[in-house]
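Scroll down for the structure; my scribbles are underneath it.
The values are calculated or read from the model by the stated rules, or taken from the named source; none is laboratory data. Since this is a predicted model, take the numbers as computed values, not measurements. Backbone-built Cβ (ideal geometry, glycine too); neighbour counts: all protein chains shown. Heads up: the accessible areas ignore ligands, DNA and RNA and are worked out on the full protein's heavy atoms, side chains in. Shrake-Rupley method; radii C 1.70, N 1.55, O 1.52, S 1.80 Å.
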Amino acid sequence: MADGSAMLDVLVQPPPPTMAGEDKSTCCSVFMEFMTKVARFEELAESGERLLVRFRQELEYFRSPQVPNESDVMSQIVKSNCTGRMRSYLEAGCRFHCQNISNINQLHSCEDGLKNHIKKVKSLLEELECLVEDVYGITVAANLSALKVSDSHSTHNKLITESSIIGENKSADQLDNDVLLITVMVIVRNMLKLDYSMQENIVSALSLKTLSSELEGYCLIWNLHPYIDDDVMHLAWEMCP
């Protein structure tokens with residue numbers, strides 16, 4: 001009888017506080033790491049936008065129109081300043097050779113920068129995916145543990161003390177908090193994946209033949225981030241301890 005009573009006492013005891021604390025600490029630390037990488041994603045998006053704007057500027061300069069000689073005012077100015085340098089400039093399409101080279105180099109630099117940007121964002125998303133899976137695994141394990149404790153309590157419900165009930169309630173609250181964490185992480189992850197896909201499509205569509213109106217639209221939509229819900233992002237940052 002003495003041994004049986006000791007066994008029942010063990011069954012109705014709440015989970016050790018050190019273990020619960022470790023689970024809470026693990027979930028929170030993973031969530032903080034996740035949000036740190038989200039901040040990095042936002043930084044990359046801003047740097048990518050700067051590259052896109054610069055590409056647009058360089059391409060527009062590269063396609064700048066020639067001097068309109070049909071204009072009476074421009075024709076008079078050209079005739080009154082018809083030096084050898086002016087004639088060479090007009091024959092070259094109102095461009096200097098050194099400027100053309102610099103312009104092309106800048107365009108290639110922007111293209112390479114944007115492609116490298118896409119690689120960095122893709123790698124970052126893979127890291128975010130791993131963190132989501134980590135928290136999901138922790139939450140599932142905690143839920144299974146809570147179910148086992150609940151079954152044990154229901155079998156020996158007459159032996160449940162007030163302190164064990166309080167411990168179970170705290171455990172349930174922690175599980176609810178963990179579920180909220182994983183839910184927010186999944187939503188944020190999905191939004192960032194959609195934003196990345198948009199960026200990737202824009203970068204793959206860029207070329208010297210891209211229309212000015214298209215470039216303007218790409219810059220606007222990149223800056224807008226239509227797939228990112230600001231309210232969700234604010235909630236995620238508020239959840240950081």
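R0 = 35 Å: FRET efficiency of Ser109 with Asp176, Cβ-based, nearest 0.05? The pair Ser109/Asp176 has a calculated efficiency of 0.10. Protein-only accessible surface at a 1.4 angstrom probe places the residues Lys37, Lys209 in the order Lys209, Lys37, largest first. Remark: accessible surface ordering of Arg189, Arg54 (largest first) is Arg54, Arg189, probe radius 1.4 Å. Taking each residue as 0.36 nm, the span from Leu224 to Glu200 lengthens on full extension beyond its C-alpha to C-alpha distance by 7.1 nm.
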